[in-house]
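Working notes, beginning with the structure itself.
The values are calculated or read from the model by the stated rules, or taken from the named source; none is laboratory data. Nothing here was measured: the structure is a model prediction, and the numbers come from that model. Heads up: the accessible areas ignore ligands, DNA and RNA and are worked out on the full protein's heavy atoms, side chains in. Shrake-Rupley method; radii C 1.70, N 1.55, O 1.52, S 1.80 Å.
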Amino acid sequence: MSFADLGLSDELLKAVSTAGYSEPTPIQAQAIPSVLMMRDLIAIAQTGTGKTASFVLPMIDILAQGRTRALMPRSLILEPTRELAAQVAENFEKYGKNHKLSMALLIGGVQMGDQVKALERGVDVLIATPGRLMDLFERGKILLTGCSMLVIDEADRMLDMGFIPDIETICSKLPVNRQTLLFSATMPPPIKKLADKFLSNPKTIEVARPATTNTNITQYIVQTSAMKKRDVLRGLLQSEDVQTGIVFCNRKTTVRELNKSLKRHGFRSGEIHGDMDQSSRIAELDRFKAGEINILVASDVAARGLDVKGVSHVFNFDAPWHPDDYVHRIGRTGRAGAKGTAYTFVTAEDAENIANIEKLTGQQIPRLDRTPATIADAPASGEADKPAEGDAPRRRRSRGKGSDAPAKAAAPEPAERPERAERAPRPAAPRRQEPAPRPERRDHRAAADDGPDDGWNGPFPAFLEVTLGR
Ligand code: ADP
Ligand code: MG
């Protein structure tokens, strides 16, 4: 992925390379094409992930068309502090050096007179702290009716600083059909509410915190094949001191069949996946919490939002399709000073997924060369277990009486891929021209035939928070 793939103009690409950036950060790669398509955007990513350029760059190209008018800024960027506002202004200067855009900085501690003069001349970009902006607005020195683009940056800090009411007032003064971009490191409920109220059909992107910061998690890649996965899992479950473990699968069919297989082999396991209604999921989670079961087989969709922490082991039975999911998954272990271990099962087809994960986390995951003895020595498992999903021949096996053969798992028809998946793989590269807004996560769930449990699409109730271990 390079900046040139994102749809930015040549002038801008020149400025970017002069600035010394060779590659967009993940948030930039995801945000820029959508902003250029004039979509509203919610971008959630930690500090230092390059959020500034993800709005400054496309804004420069958008604002390159059109003209300034006195007293009517064409775009507005709200920042919680003077320092941040000044940094954004520097970014505009740096990247906008091949464009003739005018800019005004409206912050406390700077002579009001100069700021007003700039506004009177007309500006393309107004960068302001909410307090100072309100001040000028109330004195009639500024009109926000020509402002077709609004950026609410560092929204969670705005919240901490008590700026939300000001922001609401400011939002209501802007044209309704403006484009609004909201950036935040976290998404607390008041920010969610603000976004619901003032953004329209936003694209939401979230970049996970790099997992490498948590050195308490020991990570391994286990090279295996689809045929052997179940044997390998059982071997690890036996040879490792697995007190509590979550086993992640990419498909709900796999979740069901793997849980069945584990139970058959005497493990105390349970399952959560998208076909279960909320109360069943909670019940299963309660069993996990109570120690009735110690292994939970789960899909990403079912596990997302469930704050299950402190498990001793995470197993990625299937390598996740999206690197963010890897970070979310393994983040279930190694919490609060406790050590955790994450094993990711990798087959030949997973090479690209693993490369993407390692790129996101900036870390090579050690390949486990010493397979636990129990794996090698594992007795041939019951034939019900073979072939495991993935490698199976394409013929359907009829479910013979007395056999609980995993018929579905054994025959992965092509149709079982994206459609049956809990979440379909996203295309690797964003394209400038999308025929229609790409479905968001929510829609993926619907498309995945995920059961009528839409209650889980929203914020997750606090009572689902579970902390395991101590
Ligand atoms: P955030 O707003 O997410 O906290 P910033 O936009 O302030 O992050 O960027 C953090 C740092 O990363 C800055 O020093 C910026 O210059 C640098 N940076 C941003 N984008 C890139 C990139 N594509 N390549 C290299 N460095 C970058
Ligand atoms: Mg920032």
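One table, with the values for the structure above:
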quantity: Space enclosed by the convex hull of the alpha-carbon atoms of segment 3-206, per residue, Å³; calculated: 107 Å³
quantity: For K339, solvent-accessible area (1.4 Å; no DNA, RNA or ligand), Å²; calculated: 150 Å²
quantity: Accessible area (Å², 1.4 Å probe, nearest 10) - V176; calculated: 140 Å²
quantity: Distant-in-sequence amide H partners of M149 (H built 1.01 Å from N, under 5 Å); calculated: L76, Q179
